[in-house]
Amino acid sequence: MTISHLPRALYPFIRLLAFMALLVSGAVIAQSGEGVGTSSDSASYDVLADILEDDQARSRLIEDLRQLAAQDDSSAAARDDAGKPGEGEAPGSFAGQLAGGTQAFAQGVVAEFNAGMAALSALGEAESSPDYSDVAAAALNLALVIVATVALFLVLRRLVRPLFARTGAWALQNTAGSPLLRRAVAVIGALVLDLLVIVTAWVGGYLLALFVVGGMGALTTLESLFLNAFLLVEVFKSVIRMVFASKDDGLRLLPMPAEEAAYWNAWLARLSGIVGYGMLLVVPMINVQLAPALGRVAALLIMIIAFLYTLVIVLQNRVRVAKQLKARALNARFAVTRVMLGMLARSWHLVIIAYFALLGVATLLRPEDALPLILQATVQTLMAIAGGVFLSVVLSQIISRQLHVPEETRQRFPMLEERLNGFIPMALKIMRLVILVVVIALVLDAWGLFNLASWLGSEVGMHTVVTAVTVALIVTTATALWIGLASWIEHRLNPDAGHGEPTAREKTLLTIFRNAVAVTLIIMTLMIVLSEIGINIGPLIAGAGVLGLAIGFGAQKLVQDIITGVFIQMENAINTGDVITAAGITGTAERLTIRSLGIRDLAGTYHLIPFSSVDNVSNYMRDFAYHVGEYGVAYRENTDDVIVRLREAFDELVSDPEQRSKVLGELEVHGVTALADSSVNIRVRIKTLPGAQWAVGREYNRLVKRHLDAAGIEIPFPHLTLYFGQDKDGSAPPAPVVLQERQTAEKLPSPEGEEQPDDARANPKHGGDFDDAER
């Protein structure tokens, strides 16, 4: 089969194969003429004179100049047409610009391809053919350098393979230290070891090319290009191996199975090899040794092959990767992570396709520096994202952990650990947001959308950074002050801190002081931060004063509440835990603010009373209290004997250690206080601890009942008289009375001094036990 029988679509690829076959011969020709560029001006004039004297050489030179002029004209026309709108399009419209840009791009591709084919044809028509012995020698030397370098690299990788396995196993060990730190150390160590292997193989290849292959101390352009491309490509592959680490689970940065990691590692390594060696080895050799037009064509074909290969792989895995990303988004703990993973699941394939399309277009438009710039931007982007993800993971692990303070500190400051664990997660989340902003800025800077260095060097950038740091320091200082003051108040209120049990007044005042400090710190911090970021707080303060005056006139009741509350606290009328009567309600004071009072009554109902409604306060828990008991006996009883029994009941009361601790003095007998209608009343009084008067009184009443019953002393109570009526003659009707024998004997009263059963004992609570009847 001849070439004429092949499809015309395959002609460019056939020419490409022919061009690759001429590549080594062109390199040998260039090597043989290396001294031309370094000869004197006279030698250059001689060469030009020889060309002008030779008719064929002069004709080829004229033809080449005309081709270059035609290329310049077509490029200028393409640029002019790019700015012209299409038919029916308004000048300067977006559709017109898009159409012009597309037309210019297509014309540029065709022009570059035609120029490459023309250069290839010009090379084929050259009369001076290369020396094939030199071509074979150069190809053999290059092959030796390639084989030796790759073989040395593979041998070294084989030798250090056990070190990678041990490092991965060490990273997976469960120890007391931080697992993330162990993995970070292991991954960095493995990367350094991999880079050492690559550099060692690269140095070995250089030494082989200098002292073994070819002349002693001589290095050809082909060998230098290959070694440089080997170093750059393999370093990039080492980064890929660090991310996926298909053979070592402990060194893998991405959470995926080994099989999937091996798949993506192989695909990316293959793609980086095609693009790297193609753009760093093949294209530079073509540009230097043959013609720049051919180099541009080769770069275009390499990028097309890479783009098609990437497109196939991405489309094959689009659905599978999207499902995995959505699953991870559902399991993410933070909202930002969920949103970003969800967006990436929907558009990851479009991002990769657009990236490689941009790489191909940039390579075509700027073949001399497009690939280095894009690779630099890509590396900076990957490093920024990897650094941000690493710091975010570290912060996430810190957030998930709880801070622990020493046991001694916890005893002195019981709420310090909880307070720290409440503030630190918020601070770490703010740090995550700052990391996200920095990563976005670095990515935009990498792609030229934002000049981070210029912005930081500008007045606006410096002011923004300084303001952000200042605001962070202000907020941190305010938070530290609040934690310190709150911990000090907590220390003062803690009975285990060595100061003893704090008084009720101290508890109340310190609680109010803590609330006042919190409000003051918030307002001052807010004002300072607003002033620091450039907001004039003078009008705010003036407006707040006017607003406060207006509120003061409109809310006189509120002002009265606050003023009354201040004076009540200054006079120490109420403390938290006191049993009081205020606004007609008796109960325990549970909560005191600068404006209101919270009371819990005996039934458990919570009453919130503004201080303006408190006309007077009855506090039952100041210094001491009394139980006042008034006991009535029948008129026939001897009052002196009754007083003796009352004293005996008191003696039995104080014989109980629990009751003795509540009684402060001896029994006060006031004597007969009244000769009532049906009883003789005798009053006694018992001095007790504040808040214990109700419990002591109930216990004493129980003992008085027992002692009076044991002595046969009657305690009067209302009697009921039954009247059966009478006839007109004065006789009473008969009343049938049936007497029945009592089956059980009546239980006699307990003898004096009998022990009270445990089930019959009362269990009052100090400070929370009171009687509504004593209001």
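The values are calculated or read from the model by the stated rules, or taken from the named source; none is laboratory data. None of the values given here were measured: they were computed from a predicted structure. Glycine also receives a Cβ, built like all others from the backbone with ideal geometry; neighbour counts cover every protein chain displayed. Keep in mind that these areas ignore ligands, DNA and RNA; they rest on the heavy atoms of the full protein, side chains included. Shrake-Rupley method; radii C 1.70, N 1.55, O 1.52, S 1.80 Å.
Could you identify the single residue in Leu675, Leu689, Leu653, Leu664 that is buried (at least 19 other Cβ atoms within 10 Å of the Cβ) and not hydroxyl-bearing (Ser, Thr, Tyr)?
Working: Leu675 fails: buried (at least 19 other Cβ atoms within 10 Å of the Cβ); Leu689 fails: buried (at least 19 other Cβ atoms within 10 Å of the Cβ); Leu664 fails: buried (at least 19 other Cβ atoms within 10 Å of the Cβ).
Going through Leu675, Leu689, Leu653, Leu664 in turn, just one is buried (at least 19 other Cβ atoms within 10 Å of the Cβ) and not hydroxyl-bearing (Ser, Thr, Tyr): Leu653.
When Val663 is tested against the conditions (1) over 60 Å from the mean Cα position of the chain (by Cα); (2) at pLDDT 90 or above, the lone failure is (1).
Under the condition of being within 26 Å of Thr525 (Cα to Cα) and at pLDDT 85 or above, which residue from region 436-453 is surrounded by the fewest Cβ atoms within 10 Å (Cβ to Cβ)? Even if it seems obvious, please write down each step before you answer.
At the first step, the residues of region 436-453 found to be within 26 Å of Thr525 (Cα to Cα) are 436-438.
Now restrict to residues that are at pLDDT 85 or above: 437-438.
Details: Val437: 12, Val438: 15.
Result: Val437.
Of all the listed residues (Tyr635, Tyr626, Tyr631), the sole one being in a loop (DSSP other than H, G, I, E, B) and of a type outside the set (D, E, K, R) is Tyr635.
Looking across region 245-280, the residues that are more than 30 Å from Leu222 (Cβ to Cβ), in a helix (DSSP H, G or I) and open to solvent by less than 20 Å² (accessible area, probe 1.4 Å) come down to Gly250, Leu251, Ala261.
Among the residues of region 680-708, those identified as over 11 Å from Leu664 (Cβ atoms) and of a type in the set (A, V, I, L, M) are Val680, Ile682, Val684, Ala695, Leu703, Val704, Leu708.
Checked against (1) closer than 30 Å to Arg514 by Cα; (2) part of a helix (DSSP H, G or I); (3) modelled with pLDDT under 80, Thr476 meets all criteria but (3).
If only one of His707, His670 is out of contact with any strand residue (DSSP E or B) (no Cβ under 7 Å at 6 or more places or on another chain) and either of a type in the set (A, V, I, L, M, F, W, C) or surrounded by 10 or more Cβ atoms within 10 Å (Cβ to Cβ) (or both), which one is it?
Numbers: His670 fails: out of contact with any strand residue (DSSP E or B) (no Cβ under 7 Å at 6 or more places or on another chain).
Going through His707, His670 in turn, just one is out of contact with any strand residue (DSSP E or B) (no Cβ under 7 Å at 6 or more places or on another chain) and either of a type in the set (A, V, I, L, M, F, W, C) or surrounded by 10 or more Cβ atoms within 10 Å (Cβ to Cβ) (or both): His707.
Restricting Ala169, Ala148, Ala165 to residues that are among the small types (Gly, Ala, Ser) and more than 24 Å from Phe244 (Cα to Cα) narrows the list to Ala148.
For residues that are under 16 Å from Val145 (Cβ atoms), among the hydrophobic types (A, V, I, L, M, F, W, C) and surrounded by fewer than 16 Cβ atoms within 10 Å (Cβ to Cβ), scanning just region 192-209, find the one that is modelled with the highest pLDDT. Among those that are under 16 Å from Val145 (Cβ atoms), among the hydrophobic types (A, V, I, L, M, F, W, C) and surrounded by fewer than 16 Cβ atoms within 10 Å (Cβ to Cβ), it is Val203. Taking region 667-684 as the range and being of a type outside the set (Gly, Ala, Ser) and either under 16 Å from Ala710 (Cα atoms) or at pLDDT below 90 (or both) as the test, only Asp677 passes.
Given the structure, is Gly629 under 29 Å from Ala573 (Cβ atoms), without any contact (Cβ under 8 Å) to a residue 24 or more places away in the chain and open to solvent by less than 50 Å² (accessible area, probe 1.4 Å)? Can you show your working first?
Values: under 29 Å from Ala573 (Cβ atoms): yes; without any contact (Cβ under 8 Å) to a residue 24 or more places away in the chain: no; open to solvent by less than 50 Å² (accessible area, probe 1.4 Å): yes.
No, not satisfied.
Leu232 meets each of the listed conditions (1) open to solvent by less than 70 Å² (accessible area, probe 1.4 Å); (2) at pLDDT 85 or above; (3) not small (Gly, Ala, Ser) apart from (1).
Hey, any hits in region 509-526 for a residue that's modelled with pLDDT of 75 or more, open to solvent by less than 80 Å² (accessible area, probe 1.4 Å) and more than 25 Å from Gln569 (Cβ to Cβ)? Scanning region 509-526 turns up at least one residue that is modelled with pLDDT of 75 or more, open to solvent by less than 80 Å² (accessible area, probe 1.4 Å) and more than 25 Å from Gln569 (Cβ to Cβ). Filtering region 583-604 down to residues that are in contact with a strand residue (DSSP E or B) (Cβ under 8 Å, 6 or more places away or on another chain) and part of a loop (DSSP other than H, G, I, E, B), which residue is modelled with the highest pLDDT? My answer is Asp601. A Cβ distance below 8 Å, combined with a sequence gap of six or more or placement on separate chains, defines the contacts here; from region 454-470, residues that are closer than 12 Å to Ile533 by Cα and at pLDDT 85 or above reach residues that are open to solvent by less than 70 Å² (accessible area, probe 1.4 Å) and not in a helix (DSSP H, G or I) in the pairs Thr467/Gly534. Being open to solvent by 50 Å² or more (accessible area, probe 1.4 Å), hydrophobic (A, V, I, L, M, F, W, C) and modelled with pLDDT under 80 is a property that does not hold for Phe624. Residue selection: Arg761 fails the criterion of being open to solvent by 50 Å² or more (accessible area, probe 1.4 Å) and at pLDDT 70 or above.
Here Leu219 fulfils each of the conditions (1) of a type in the set (A, V, I, L, M, F, W, C); (2) modelled with pLDDT of 85 or more; (3) not in a helix (DSSP H, G or I) apart from (2). Scanning region 644-682 for residues that are of a type in the set (Ser, Thr, Tyr) and closer than 27 Å to Pro718 by Cβ yields a total of 3. Within region 428-449, residues that are free of Cβ contacts under 8 Å to residues at least 60 places away in the same chain have Cβ atoms under 8 Å from residues that are open to solvent by less than 70 Å² (accessible area, probe 1.4 Å) and among the hydroxyl-bearing types (Ser, Thr, Tyr) in these pairs: Ile435/Ser392, counting only partners at least 6 apart in sequence or on another chain.
When Ala335 is tested against (1) in contact with a helix residue (DSSP H, G or I) (Cβ under 7 Å, 6 or more places away or on another chain); (2) without any contact (Cβ under 8 Å) to a residue 40 or more places away in the chain, exactly one condition is not met: (1).
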